[in-house]
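The values are calculated or read from the model by the stated rules, or taken from the named source; none is laboratory data. Computed from a predicted model, the values in this text were never measured in an experiment. Every residue, glycine among them, receives a Cβ derived from its backbone with ideal geometry; neighbour counts consider all protein chains shown. When the accessible area is computed, the model is the full protein with side chains, heavy atoms only, and any ligands, DNA or RNA have been set aside. Shrake-Rupley method; radii C 1.70, N 1.55, O 1.52, S 1.80 Å.
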Amino acid sequence: MASHRERLRVLWVDTDAGGRIHFTAAFRWAEAAELALYRKLGLTEYVPRLPRRHVEAEFHRVLVFDDEIDVTLTVTRVGTTSIGYEWQITRDGELAIDGRHTVVHVDEEGRAQPLDDAFRAALG
C-alpha cells in the first residue's frame with residue numbers, strides 16, 4: 001500500500017497557551033501528509049471529493065514549538081468508496097502521536113461514490 005513521510009516543524013500557531021501543541025495540529029499534519037501523497041501520485045483532482053468520515057488519535061509525547069517532526073502516513077485499506085489511513089508522528093525517532101482516519105469518495109451531492117480503478121491502483 002502507498003505511504004508518504006513528510007518532515008515538518010511545529011509552528012507557533014500549532015501551540016496552545018501552555019506551549020504544547022493544540023490537539024488539532026496532529027490532524028492538520030496528517031492531512032498535509034495525505035495531500036503530499038496525492039501530489040506524489042498525481043491524484044490531487046480527487047481531494048475536494050474526499051471528506052473525512054472518521055478520525056482518531058492517541059497522544060504519547062509532548063510536542064512544543066519548533067520541534068522537528070516526521071509524519072508518516074500509510075494507506076491501510078482501499079474499499080469500494082472509502083480509504084483508510086494510519087499515521088505516526090515522531091520526534092527524534094520516538095512516537096509522539098499515532099492516529100487513523102477514513103475518507104469517503106463522494107459525488108457533488110455528497111453521496112458515497114465508487115473510487116475509479118486508476119485511483120484504487122495508485123493507492124494499492
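Observations on the structure shown:
- So TYR85, is it among the hydroxyl-bearing types (Ser, Thr, Tyr), in contact with a helix residue (DSSP H, G or I) (Cβ under 7 Å, 6 or more places away or on another chain), modelled with pLDDT under 95 and outside any loop (DSSP other than H, G, I, E, B): no
- In the condition set (1) in contact with a Leu (Cβ under 9 Å, 6 or more places away or on another chain); (2) open to solvent by less than 60 Å² (accessible area, probe 1.4 Å), GLU86 is compliant with all but (2).
- If you filter region 19-52 down to residues that are part of a strand (DSSP E or B) and not β-branched (Val, Ile, Thr), you find that the one that is most open to solvent (accessible area, probe 1.4 Å) is ARG20.
- Some residue of region 37-49 being among the charged types (D, E, K, R), farther than 20 Å from ALA112 by Cα and either modelled with pLDDT of 95 or more or more than 14 Å from the chain's Cα centre (by Cα) (or both): yes
- Enumeration of residues in region 8-54 that are in contact (Cβ under 8 Å) with a residue 24 or more places away in the chain, charged (D, E, K, R) and under 17 Å from GLY99 (Cα atoms): GLU34, ARG52, ARG53
- ARG9 touching a strand residue (DSSP E or B) at 6+ places or on another chain (Cβ under 6 Å), open to solvent by 40 Å² or more (accessible area, probe 1.4 Å), of a type outside the set (Asp, Glu) and within 26 Å of PHE119 (Cβ to Cβ): no
- Residue within region 59-78 that is at pLDDT below 95, closer than 20 Å to GLU6 by Cα and open to solvent by 30 Å² or more (accessible area, probe 1.4 Å) present: no
- Scanning region 55-73 for residues that are in contact (Cβ under 8 Å) with a residue 40 or more places away in the chain, on the phi < 0 side of the Ramachandran plot and not in a strand (DSSP E or B) yields VAL62, LEU63, PHE65, ASP67.
- Positions within region 89-106 being under 16 Å from GLU31 (Cβ atoms) and surrounded by fewer than 19 Cβ atoms within 10 Å (Cβ to Cβ), in sequence order: ASP98, ARG100, THR102
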